[in-house]
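To keep things clear, I will list the structure first and then write my remarks on it.
The values are calculated or read from the model by the stated rules, or taken from the named source; none is laboratory data. All values derive from a computational prediction rather than experimental measurement. Positions of Cβ are generated from backbone atoms using ideal geometry, with glycine treated the same way; all protein chains shown enter the neighbour counts.
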Amino acid sequence: MTDLERFLAETTAGGKISGVSLAALRAGTRSVEYYFGVRGAHDRASVDAATVFEAASLTKPLIAYIALQLVEEGLLDLQKPLFEICGDYIPGDSNSRRITAFHVLTHTTGLPNIVRDSAPLRTYFMPGERFSYGSSAFAWLQRALETVSARPLEMLARERVFEPLGMRHSSLEWQERFRVNHAQGHEWEGEPVPKRRVQTAQASWSLLTTASDYIGFVQHVLARRGLTAASYDQWFAPRVNTRQGDDAEDLIGQNPPDPNVAWGLGWGLEPLQGCFFHWGNNAGFRALVLANRATQDAVVWFANSARGLRLIHTVLQEAVPGEHPAVGWLRIGNL
């Protein structure tokens, strides 16, 4: 048993995290897949390779990949205002009409992350001015992708990602076939979260998948398949630095830029390390993916626990060794 395998076994056995699905690449080749713990309060069976988890914001890089394919085919222009492609999103907000797909993928739209009473849907700064993590804008980008392709998003994902890459346990919408083997989320003290069965794809957060499926997507990305070399260079070029502070969402601009963490088109970047990453946070679920483009090492894991990101301090050093400023930027505590 490896140190990582022992750590995951002890963590799930001790009840800190209910279940974990993890897969890794070493030098671009699948190296390990680990499954520990149980599927949830609804099903005490063990997590296995086919247990479907909520990937949350790990959906976003997949959407970026689809967008770049549509750009290559001349259907989408990253610099064209979304208003001109698919109509208004925030009536009466003239600044929002400047927002492009480029702004959405780089989190520079000026829109809030999650729309709520304290952060209603409007622009808080001029699009393109600076970084502020913004999930809400992805709904507008989704409308644009569906408009230019004349396809619903689930069909786009199935035709361009899931089927070509053999991701048999993945969907942006709930499938009845997932009923027999899916994870249920749990909050900080193990309280079960009622299972959401999303009926309509959501570009920001609705991916349902397994670690085995998602590491196949990462392997495809690292091998630079499915897009031209120029598109890959665009995808991973640092476009804007993130912001320091307690929250990635910085609508009022009080936090200074973080010189060590940037954003490309749908990926977080560690420019000096040559790594890309993304994290996921749905109610009762956490996820993280990180890969090194030079060494071709990568890891992805899904946990059905609000504590799931706290695996990061041990898992990354075992799976993708080296300094990772994204860990400090995400401000993730210990188990």
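Listed here are the residues, each with its yes/no results for (1) modelled with pLDDT under 95; (2) over 23 Å from GLU33 (Cβ atoms).
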residue: PHE236; (1), (2): no, yes
residue: LEU251; (1), (2): yes, yes
residue: PRO257; (1), (2): yes, yes
residue: THR295; (1), (2): no, no
residue: ALA298; (1), (2): no, no
residue: TRP301; (1), (2): no, no
residue: HIS313; (1), (2): no, no
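If you go through segment 295-333, how many residues are among the β-branched types (Val, Ile, Thr), in contact with a helix residue (DSSP H, G or I) (Cβ under 7 Å, 6 or more places away or on another chain) and either at positive phi or crowded, with 21+ Cβ neighbours inside 10 Å (or both)?
The qualifying residues number 4.
Determine, yes or no, whether TRP263 is closer than 30 Å to GLU72 by Cβ, of a type outside the set (D, E, K, R) and in contact (Cβ under 8 Å) with a residue 60 or more places away in the chain.
In short, yes.
Out of ALA119, ALA137, I need the residue that is surrounded by 15 or more Cβ atoms within 10 Å (Cβ to Cβ) and modelled with pLDDT under 95. Which one?
On inspection, the qualifying residue turns out to be ALA119.
Looking at (1) modelled with pLDDT of 95 or more; (2) more than 18 Å from HIS278 (Cβ to Cβ); (3) out of contact with any Gly (no Cβ under 9 Å at 6 or more places or on another chain); (4) among the small types (Gly, Ala, Ser), which is the one condition that is false for ALA101?
(2)
List the number of the failed condition for ARG6; all other conditions in (1) over 18 Å from ALA298 (Cα atoms); (2) touching a strand residue (DSSP E or B) at 6+ places or on another chain (Cβ under 9 Å); (3) free of Cβ contacts under 8 Å to residues at least 24 places away in the same chain hold.
(2)
Which ones in segment 201-259 are part of a loop (DSSP other than H, G, I, E, B), under 30 Å from GLY110 (Cα atoms) and small (Gly, Ala, Ser)?
ALA201, ALA203, SER204, ALA237, GLY245, ALA248, GLY253
Would you tally the residues in segment 144-177 being assigned to a loop (DSSP other than H, G, I, E, B), out of contact with any strand residue (DSSP E or B) (no Cβ under 9 Å at 6 or more places or on another chain) and small (Gly, Ala, Ser)?
2
I need a count of the residues in segment 260-302 that are hydrophobic (A, V, I, L, M, F, W, C), more than 22 Å from ARG130 (Cα to Cα) and not in a strand (DSSP E or B).
Residues flagged as hydrophobic (A, V, I, L, M, F, W, C), more than 22 Å from ARG130 (Cα to Cα) and not in a strand (DSSP E or B) within segment 260-302 amount to 2.
Taking segment 210-235, which residues are of a type outside the set (Gly, Ala, Ser) and either without any contact (Cβ under 8 Å) to a residue 12 or more places away in the chain or in contact with a Pro (Cβ under 7 Å, 6 or more places away or on another chain) (or both)?
ARG224, ARG225, TYR232, ASP233
List the strands (runs of 3 or more DSSP E) that sit entirely inside segment 1-55 and contain at least 2 residues that are surrounded by 18 or more Cβ atoms within 10 Å (Cβ to Cβ).
Fully inside segment 1-55 and qualifying: 19-26, 29-40.
Check whether at least one residue in segment 180-194 is in contact with a Ser or Thr (Cβ under 7 Å, 6 or more places away or on another chain), assigned to a loop (DSSP other than H, G, I, E, B) and modelled with pLDDT of 95 or more, and report yes or no.
yes
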